[in-house]
Amino acid sequence: MTGNPLTELTLEQLRTRTSRKWRTYSSDVLPLWIAEMDVDLAPPIVDALTAALAQGDTGYPAGEDYADAYRGFAKRTWGWDVDLAATASMPDVMRGMTALLGLVTAPGDALVITTPVYPPFFAFARNAGRRVVEAPLHPDGRVNLTSLEIAFQNETRDGRRAALLLSNPHNPTGTVHTAAELTAVAGLANQYSVRVISDEIHAPLVLPGATFTPYLTVPGGQTGFSLVSASKGWNLSGIKAALAVAGTTAIDDLTRLPQETRLGASHLGNIAHAAAFRHGSEWLDALLTGLDQNRHLLRELISEQLSEISYRDPEATFLAWLDCSSLLARLQGETPGAFFIREARVALNDGTGFGGSGHGFVRLNYATNPSIIQTAIERLAAAIRRL
Ligand SMILES: Cc1ncc(COP(=O)(O)O)c(C=O)c1O
């Protein structure tokens, strides 16, 4: 039986880490921001990496082992048959997004994103010369088909091409798009010849009560692409790799992928991710149980101590999207994220960078020891009392 990975490490142990989460702020700040988890690696990943290092197996990547491991995971978890011929190795999800965007749009074309959303979507699209067009979600975090249709209509009007980048499940709201929602999105996208890229990096992190649907499995989804990775589910951001998967009628597009993209993953990344998807399910199940407990703890603590903050329980991910807009008048122009760092010594992601109606929100990462969540909420509540 695997224990709860989220209770294994103390704050003192975590503070010895050198990754961005732990080294951006001074040591009196509790970091509940960037999407790193405070867990040890799943033992099968440690075993696979240790074996590779012991053999000096640190050359260039070869073969399709990552894709094969993902195929097994997708079949066992969602009953989805992934065709190996429809997959392509990617250095990471965001570089995969840029590469796919290059296949289906040209500089100056639009990338539609459903905001509020993961901030790098903006920067990567703009650096690739695409125009970012926001199709805001409904206030309850669900996909807004009206805002999507307006964006598709406007952006394809002069015969231009456009793409839609979905976050499925959605970062930061933790929404898991339903099969019916995705089918409706695919219908609209196909009506306007908009190509869909579904970023499914958070798909292994669907919590009890919700059901994940891979975009490529819904009717009409076969013209799209998905981007998948073990990076969020098993905390492998420091050992990057990813896969692009094409829908059945999009496979030919992959032949136009630049070589440098296909060859960009690291061999150790592929080894680690393949071990996660092939042998990491027991550890993942224990993690999901721990995340579910943390989700309930957060709900309890916020309702007891932070009546000013409202939010919906995330259905997936380890991120909670907290509406702090009732504080704005008292903050006198300061963002909630800046206020909480200054006054509570708790680092959260301020909502402003997420687009849409993100101003007034913060994103809290609850993939940490429950005792850290407890202290953080106490500090936030004390800071608000001093306002
Ligand atoms: C929705 C989403 N996409 C992509 C990424 C980054 O993935 P990668 O490091 O593989 O580029 C993240 C990281 O948190 C994310 O939340």
Inset, instruction - Identify the residue in the stretch 225-256 that is part of a loop (DSSP other than H, G, I, E, B), open to solvent by 10 Å² or more (accessible area, probe 1.4 Å) and in contact (Cβ under 8 Å) with a residue 60 or more places away in the chain and, among all such residues, is nearest to Gly174 (Cα to Cα). - result: Lys232
Legend entry - Selection count where residues are surrounded by 23 or more Cβ atoms within 10 Å (Cβ to Cβ) and either out of contact with any Pro (no Cβ under 8 Å at 6 or more places or on another chain) or assigned to a strand (DSSP E or B) (or both), scope the stretch 351-365: 5
Inset, instruction - Report the residue count in the stretch 29-55 for those that are open to solvent by less than 70 Å² (accessible area, probe 1.4 Å), touching a residue at least 40 places away in the same chain (Cβ under 8 Å) and more than 22 Å from Leu319 (Cα to Cα). - result: 5
Inset, instruction - Could you check, for the stretch 204-224, whether at least one of its residues is within 14 Å of Gly269 (Cβ to Cβ) and either away from the ligand (no atom under 14 Å from the Cβ) or open to solvent by 10 Å² or more (accessible area, probe 1.4 Å) (or both)? - result: no
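Could you run through the stretch 1-35 and say how many residues are among the acidic types (Asp, Glu) and closer than 20 Å to Arg379 by Cβ?
Here the count works out to 2.
Rundown of residues vs (1) modelled with pLDDT of 95 or more; (2) in contact with a strand residue (DSSP E or B) (Cβ under 9 Å, 6 or more places away or on another chain); (3) part of a helix (DSSP H, G or I); (4) more than 16 Å from the ligand (Cβ to nearest atom), yes/no style:
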position: Leu6; (1), (2), (3), (4): yes, no, yes, yes
position: Leu9; (1), (2), (3), (4): yes, no, no, yes
position: Thr16; (1), (2), (3), (4): yes, no, no, yes
position: Ser27; (1), (2), (3), (4): yes, no, no, yes
position: Ala35; (1), (2), (3), (4): yes, yes, no, no
position: Asp47; (1), (2), (3), (4): yes, no, yes, yes
Legend entry - Every pair of residues 6+ apart whose Cβ atoms lie under 7 Å, when the first sits in the stretch 202-213 and is assigned by TED's automatic domain parsing to the domain that holds Gly233 while the second is surrounded by fewer than 24 Cβ atoms within 10 Å (Cβ to Cβ) and among the aromatic types (Phe, Trp, Tyr): Ala203/Phe212; Val206/Phe212; Phe212/Trp78
Legend entry - Lone qualifier among Arg345, Arg330, Arg299 - being touching a Lys or Arg at 6+ places or on another chain (Cβ under 8 Å), open to solvent by 10 Å² or more (accessible area, probe 1.4 Å) and over 29 Å from Lys75 (Cβ atoms): Arg345
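For Ser198, are the conditions met, namely being at pLDDT 95 or above, touching a strand residue (DSSP E or B) at 6+ places or on another chain (Cβ under 6 Å) and within 14 Å of the ligand (Cβ to nearest atom)? Step through it out loud before you land on a result.
On the way: at pLDDT 95 or above: yes; touching a strand residue (DSSP E or B) at 6+ places or on another chain (Cβ under 6 Å): yes; within 14 Å of the ligand (Cβ to nearest atom): yes.
The answer is yes for Ser198.
Determine whether Thr58 is touching a His at 6+ places or on another chain (Cβ under 8 Å) and within 14 Å of the ligand (Cβ to nearest atom).
Numbers: touching a His at 6+ places or on another chain (Cβ under 8 Å): yes; within 14 Å of the ligand (Cβ to nearest atom): no.
So Thr58 fails the test.
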Legend entry - Residues located in the stretch 118-142, provided they are within 15 Å of the ligand (Cβ to nearest atom) and part of a loop (DSSP other than H, G, I, E, B): Tyr118, Pro119, Ala128, Leu137, Gly141
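The values are calculated or read from the model by the stated rules, or taken from the named source; none is laboratory data. Small disclaimer: the values here were computed from a predicted structure and weren't measured. Heads up, the Cβs are rebuilt from the backbone with ideal geometry, glycines too, and the neighbour counts pull from every protein chain shown. The accessibility values were calculated without ligands, DNA or RNA, using every heavy atom of the protein model including side chains. Shrake-Rupley method; radii C 1.70, N 1.55, O 1.52, S 1.80 Å.
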